[in-house]
Amino acid sequence: MTTKVILAGAHGHGRHHLGNLRRLTHQGVVELAGICDVRPVEVEFGSPLQSADLPALIKKTGAEITVICTPIHTHADLAVAALRAGSHVLLEKPPAASPSAHDRIAAAVAETGLACQVGFQSLGSAAVPALRELIADGTIGRVRGIGGAGAWERPSAYFTRSAWSGKRRLDGVDVVDGALTNPFAHAVATALALADGPIAEIGTELFHAYPIESDDTSCLRVRMADGLVITIAVSLCATKRHEPYLVVHGDAGRATLFYTLDQVKVEHADGSVTTTVYERTDLLENLVDHVRTGAGLLVPLAGTEGFTQVLDAVRLAPEPLPIPKRYQTVVRDEAGEVTQRFLPGIADLTARSAEELALYSELDVPWTRVELRVADQEVASYERQPDLPATDAPRPYLHSVRTLGGVEVTQVRPEDHVHHLGVGVAIADLGGVNFWGGRTYVKDQGPTWLDDHGMQQHRAFTRLDDDGFAEQLEWIGPDGRLMAREERTVTARPFGPAWALDFAFTLTNLTGAPVEINSSATKGRAGAGYGGFFWRGPGTSTGRTTLPDDEELVHGSRNRWVAMSGADPDGRDWTLVFVQEADDPWFVRVADYPGVGQALAWDRPLVVEDTLTRRVVTIVADGRLDRSAAAELAGEVTF
């Protein structure tokens, strides 16, 4: 007896399913009863009905199984529609574009009592349970982690083959296409199938070489609740296909699963190696068997919840970071259009990640860093996602910033103030939340440790080039409340014999009411009005001085410019000339520590109704400038 099947989505990857349906039709296992697609499909076997109305097509044909191979963001709607129309479902991976969409499908499965199998073909391999057994019986000893690697080549056309290709969202709807969630989704799902227990933590690093919205080169780290670590590093920018694999690291050996080949290689502690190739069960055949005999599903929807958690971590992650063109090799056609992009050494890099269970940023890969360059010389690095304790009020910052002569003029987490972070924006009190770090000044009580620290979270770069960037950030309170959004623009440019850092930010109030910016000074600590743009200089510098006057006179002044000079431990002098567009008081310290910034709330609160915009240009110079030279440079700054 044959099983009637409908294929929803017969173009693109759907052609693979058509080929499989042809095979099973010739074997007498299935009958292709219908095709649901928005475009007509030519079929060389059978006489399937065609319609764009899936529930109606299921009713008309009496199909028992629907194979869904449509864009990711349509999976939930179509799967639910098919189940409620009375059809079991084989759902192409990834099953859904969000946990809520996954839950909708699961609810329909529970409601109808029908089956939903997810098309992770690698999980149909007998190699997976065999490797699980090998891990459980201690063949390779205690497992410390699982590393995955994959490097394929894809042309530019791959990312334009459909409206959703290379997209994280389409018309406001989550799509979550990307290397980890689509072409290498099997690596993620198979690694999770080798582990036990719930997921405790997921970290991602997403990049793209192609001019797309989603990631084409990425890695992730999953920590299971039992402490097991899983890393996956992948790219679509290799020069050729490298067979993807998972390596299970044990203290008495290792096992490598080449999941597309169903092959397991075990390297024993005594140096011996055994390799076994396993059988693979077709997932549609397994679903047919389930419908006919009640056989267990190999990949039930409930078994893919961990994968959907990973997909959601990718969905919620900051936008992928573009890889600078200087790290790429490109192929062009006769018209000069780029047809392919390569990242030299990417296959070796993914292999290192799998071996060391490390993320790209931990392997000292230069394109994982945001660097500012002037005249092809690196002058600053930007840390967009720092790993900091909550009491530091975590936030992106510039460090290390250097003169053209190579003298470092910033410091991060110095012993005197561990919450001082290079160059950035920090506010001691925004609507009652500490976005500065450290203790909060309490009126009539003094500096006090409170659980009031917020964080600034990088969301996306809207521009990223060697000379700077435009960035979107979110300011989040300790309770997770979104308090403000920031648009930050940072540019590095030549400036005579020096260079200039142009730093501007616009803060948009999202609290729903006017919000106050306060400082320690507005609460009773005179002179401590710090808050806004802030530059922490190196505490190891000596001979620190200020211009145009001594510290006591420039601190709290509303000068258009102030300057700070010092010398590094090798005796190399440096000078920073700060020029502001507004007329805020300056917060200046050199005797206790070197730091210069704005004082938005110098002696009274600053109320922000809607937006707050500030801009400071800092001239970074070698040598110790005198008052006249500093004033001349400051005079050349225009806003």
Accessible-area composition of the range 45-132, carbon plus sulfur, in percent [1.4 Å probe]: 56 percent
Per the Cauchy relation, a quarter of the hull surface: what is the mean projected area of the convex hull of the alpha carbons in the range 305-405, in nm²? 10.6 nm²
Under the 0.36 nm per residue contour assumption, what length would be gained going from the current alpha-carbon distance of residue 309 and residue 452 to full extension? 48.6 nm
Hey, what's the range 35-86 come to in accessible area per residue, 1.4 Å probe, Å²? 48 Å²
Cα extents of the range 105-204 along the principal axes, largest first, in whole Å, come to 49, 41, 27
For residue 611, the accessible surface traced by a 1.4 Å probe with all protein chains present amounts, in square angstrom to the nearest 10, to 80 Å²
Pair residue 479, residue 103: separation of 7 Å Cα→Cβ label points (nm): 2.2 nm
Among 596-602, 399-405, 479-485, how do they line up by average Cβ neighbours within 10 Å per residue, starting with the highest? 596-602, 399-405, 479-485
For the range 6-59 the translational diffusion coefficient, Stokes-Einstein from a Kirkwood Rh over Cα pairs at 25 °C and viscosity 0.890 mPa s, in µm²/s, is roughly 220 µm²/s
Ranked packing of 463-471, 301-309, most packed first, by mean Cβ within 10 Å: 301-309, 463-471
So how strong a dipole does the chain carry about its Cα centre when Lys and Arg Cβ are +1 and Asp and Glu Cβ are -1, to the nearest 20 debye? 1120 debye
Charge dipole magnitude, Cβ of K and R +1, D and E -1 - the range 465-543, Cα centre, debye nearest 20: 480 debye
Roughly how many Å² is the accessible area per residue of the range 148-248, as a whole number, for a 1.4 Å probe? 32 Å²
Dividing the alpha-carbon radius of gyration of the chain by 2.2 N^0.38 Å, where N counts its residues, gives 1.14
Taking all protein chains as present, what is the carbon and sulfur share of the accessible area of the range 363-432, in % to the nearest whole number, probe 1.4 Å? 41 percent
At 1.4 Å probe size, with no ligands or nucleic acids counted, give the accessible surface of residue 45 in Å², nearest ten. 20 Å²
Rounded tilt (10° steps) of 75-84 against the dominant C-alpha axis of the chain: 40 degrees
Which FRET efficiency value, to the nearest 0.05, is calculated for residue 615 and residue 465 with the Förster distance at 22 angstrom and r the Cβ-Cβ distance? 0.70
Order by protection proxy (mean Cβ within 10 Å, highest first), peptides 121-130, 630-639, 521-530: 121-130, 521-530, 630-639
Using a 1.4 angstrom probe on the protein heavy atoms only, could you order 387, 333 from most to least accessible area? 387, 333
For the range 142-241, what is the charge dipole size about the Cα centre, in debye to the nearest 20, if Lys and Arg each add +1 at the Cβ and Asp and Glu each add -1 at the Cβ? 300 debye
Sulfur and carbon atoms: percent of accessible area, the range 162-250 [1.4 Å]: 49 percent
What accessible area per residue, rounded to a whole number of Å², is obtained for the range 499-639 using a probe radius of 1.4 Å? 39 Å²
Extension length gain for residue 11 and residue 137 (0.36 nm per residue less Cα distance), in nm, is 40.9 nm
To the nearest 0.05, what FRET efficiency results for residue 356 and residue 390 with a Förster distance of 25 Å applied to their C-beta separation? 0.30
In deg cm²/dmol, rounded to the nearest 500, the helical mean residue ellipticity at 222 nm of the chain, built from -39500 (n - 2.57) for every DSSP H run of length 4 or more, is -5000 deg cm²/dmol
With each pseudo-label sitting 7 Å past Cα toward Cβ, what's the residue 111-residue 551 distance in nm, one decimal? 6.9 nm
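The values are calculated or read from the model by the stated rules, or taken from the named source; none is laboratory data. The model shown is predicted, which means the values in this text are computed figures rather than measured ones. Counting neighbours? That spans all protein chains shown, and the Cβs are built from the backbone with ideal geometry, glycine included. Side chains are part of the model used for accessible areas, which takes the heavy atoms of the whole protein and leaves out ligands, DNA and RNA. Shrake-Rupley method; radii C 1.70, N 1.55, O 1.52, S 1.80 Å.
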